[in-house]
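Working notes, beginning with the structure itself.
Any read-out appearing in this document is the output of simple, stated calculations on the displayed coordinates, not a laboratory observation. The structure displayed is predicted, hence computed values, not measured ones. In this analysis, Cβ positions are derived from the backbone assuming ideal geometry, glycine residues included, and neighbour counts consider all displayed protein chains.
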Amino acid sequence: MLTKAFIPYRGYYSTPFSRWQGAMANEHAIVLAAETSKRFLMERKWDAGMFDYLILGMTIGQPQWFYGSPWAAAMIGAASIPGMLISQACTTSTTCIYQAGVGVETGLYQNVYTLMTDRCSNGPHTVWPNPQGPGGKVISENWLMDNFSRDPWARGPMIQTAENVARETAITREECDRVSLRRYEQYLDALADDRAFQRGYLFPVDVKAGKNKTFRLEKDEGIMETTAAGLAGLKPVIPEGTHTFGSQTHPADGNAAVIVTTREKAKELSADPEVEIQILSYGYGRAKKGFMAMATAPAAKMALDRAGITADQVKTVKTHNPFAANDIYLARELGLDINAMNNYGSTIVYGHPQAPTAARNIMEGIEETVKLGGGYLLWAGCAAGDTGASLVIKVH
């Protein structure tokens with residue numbers, strides 16, 4: 001368990017998430033994240049020179065991402081610091097934040113900027129030479145589409161892993177639809193009073209609208225209105241399956257950042273010095289082959305054990321839920337109230353840009369926990385390769 005790693009209250013932001021092939025489809029993910037971060041820091045009158053390390057989280061390559069972290073650091077105004085790149089599919093943010101916390105805990109770092117960004121739209125295509133191919137035919141890969149549709153170990157598409165879990169644990173189509181509708185209703189709560197809740201962590205992003213024009217995206221793009229009748233009328237993605245396009249997430253674009261630092265620095269930067277946000281523990285897990293949705297449970301149990309608490313002591317639960325079955329299985333395994341998880345928003349509603357997704361979930365969880373007067377926040381989510389990760393944070 002960590003004792004020395006803290007996040008300043010509102011020392012973080014997430015951009016709104018843009019729908020696939022939407023507003024951010026042609027932006028360079030690293031450049032856009034750095035430009036957004038620079039503006040975020042300037043608005044708070046924070047000097048980027050205060051950071052001693054930058055951890056960049058990404059899963060989908062962009063031109064010259066070989067230089068990713070030091071390049072991003074220079075663009076935000078911290079040209080003298082080094083950094084590294086972490087890529088762990090859907091749990092990338094969690095690992096970035098925790099590794100920063102471990103560095104602070106051990107004294108390796110004092111003040112770390114974790115920056116997570118991805119552009120699922122217009123993903124890169126990689127080509128490798130294949131001397132054995134007929135006529136020298138190359139080996140090629142679409143980073144997004146090919147990997148969503150085929151796990152090289154489990155062989156099937158990602159949605160098949162959710163269907164495998166649903167079939168084995170008797171999760172029904174009706175349960176998935178009910179969870180999806182509930183998640184949409186929870187998201188609507190975040191829009192109340194002119195988006196009062198979202199304004200605590202969502203930071204607008206400026207995107208190009210032409211040669212010399214930009215426009216500011218302030219709200220999530222691509223939110224689909226959800227009703228019980230609408231969900232019931234959708235066909236399963238896989239014949240005879242339990243999930244429709246209404247009960248699974250969709251690719252998206254966006255970026256997010258979280259400052260991880262010492263207690264003293266967190267207090268100095270905090271929007272409210274009386275609020276302390278402490279990183280406690282991390283958990284990980286891997287489910288059996290082709291059962292990705294199950295991996296969140298052992299990861300969450302590990303994180304809870306390492307924090308020295310039990311699930312019934314948790315005040316707020318946030319998850320990365322690419323499929324409704326994820327939340328249903330986790331709630332059953334941990335004895336959680338499925339209707340009280342993921343208040344104010346979740347992946348299944350606003351989409352999944354991969355690297356920044358968990359960071360946004362965690363910010364929402366922090367904001368909710370502060371609103372509730374403090375307590376423990378549990379975040380858990382799955383990732384490619386039947387893996388999962390979890391984080392426990394305490395809000396004092």
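Excluding residue 59 itself, what net charge comes from residues whose Cβ is under 13 Å from its Cβ, given Lys and Arg +1 and Asp and Glu -1?
Around residue 59, the surrounding residues sum to -1.
Using 0.36 nm times the number of residues separating residue 219 and residue 122, minus their current alpha carbon distance, what extension gain do you get? Mind dumping the intermediate values first?
Details: separation 97, 0.36 × 97 = 34.92 nm, distance 2.13 nm.
My answer for the length gained is 32.8 nm.
Can you pull the one-decimal nm distance between simple spin-label points at residue 234 and residue 194, each 7 Å off the Cα toward Cβ?
Inter-label distance under the simple model: 3.3 nm.
Helix hunt in the chain: which complete DSSP H runs extend at least 18 Å axially by C-alpha with mean Kyte-Doolittle at least 0.0?
Span-like helices here: 29-43, 92-106.
Return the single residue from 159, 362, 309 with maximal mean-square fluctuation; model: Gaussian network over the chain, springs between Cα atoms under 10 Å.
Among 159, 362, 309, the largest mean-square fluctuation in the Gaussian network model of the chain belongs to 309.
Based on DSSP H runs of at least 4 residues, each adding -39500 (n - 2.57), what is the mean residue ellipticity at 222 nm of the chain after dividing by all its residues, to the nearest 500 deg cm²/dmol?
Details: 13 runs with 132 residues, N = 396.
Calculated from helices alone, the mean residue ellipticity at 222 nm is -10000 deg cm²/dmol.
Given q = 0.06, 0.13, 0.14 Å⁻¹, what are the Debye log10 I(q)/I(0) values for the chain, with equal point scatterers placed on the Cα positions and solvent ignored?
-0.21, -1.06, -1.23
Considering only DSSP beta bridges whose two residues both sit in the chain, what percent are antiparallel, to the nearest 5?
70
Take 118, 337, 305 and order them by how many other Cβ atoms sit within 10 Å, fewest up front.
337, 305, 118
Which order results if 31, 127 are arranged by neighbouring Cβ count within 10 Å, fewest first?
By the 10 Å Cβ count, ascending, the order reads 127, 31.
Can you return the lysines within cross-link range of residue 219? Criterion is Cα-Cα under 21 Å, with same-chain partners fewer than 8 residues away left out.
Filter leaves 38, 208, 318.
About the Cα centre, and with charges only on the beta carbon of Lys, Arg (+1) and Asp, Glu (-1), how big is the dipole of the chain? Nearest 20 debye, please.
560
Beyond 24 Å between alpha-carbons counts as too far, so tell me which of 45/265; 4/288; 45/213 fall in that bin.
Pairs exceeding 24 Å: 4/288; 45/213.
Counting Lys and Arg as +1 and Asp and Glu as -1, what is the net charge of the other residues whose Cβ lies under 12 Å from the Cβ of residue 207? All intermediate terms of the calculation are to be shown ahead of the outcome.
Values: positive: 119, 208, 213, 216; negative: 27, 35, 206, 218, 221, 253.
Counting the neighbours of residue 207, the net charge comes to -2.
Which peptide among 275-286, 143-154 comes first, and what is the full order, when sorted by highest mean count of other Cβ atoms within 10 Å?
The most tightly packed comes first, giving 275-286, 143-154.
Using a Förster distance of 51 angstrom, determine the FRET efficiency expected from the C-beta separation of residue 140 and residue 305, and round it to 0.05.
0.70
Would you look at the GNM of the chain, springs on alpha carbons closer than 10 Å, and say which of 235, 211, 289 moves the most?
In this elastic network of the chain, the residue with the biggest mean-square fluctuation among 235, 211, 289 is 211.
Could you point to the residue in 345, 373, 356 farthest towards the positive end of the range 302-374's charge dipole, with +1 and -1 charges on the Cβ of Lys/Arg and Asp/Glu respectively?
Farthest towards the positive end: 356.
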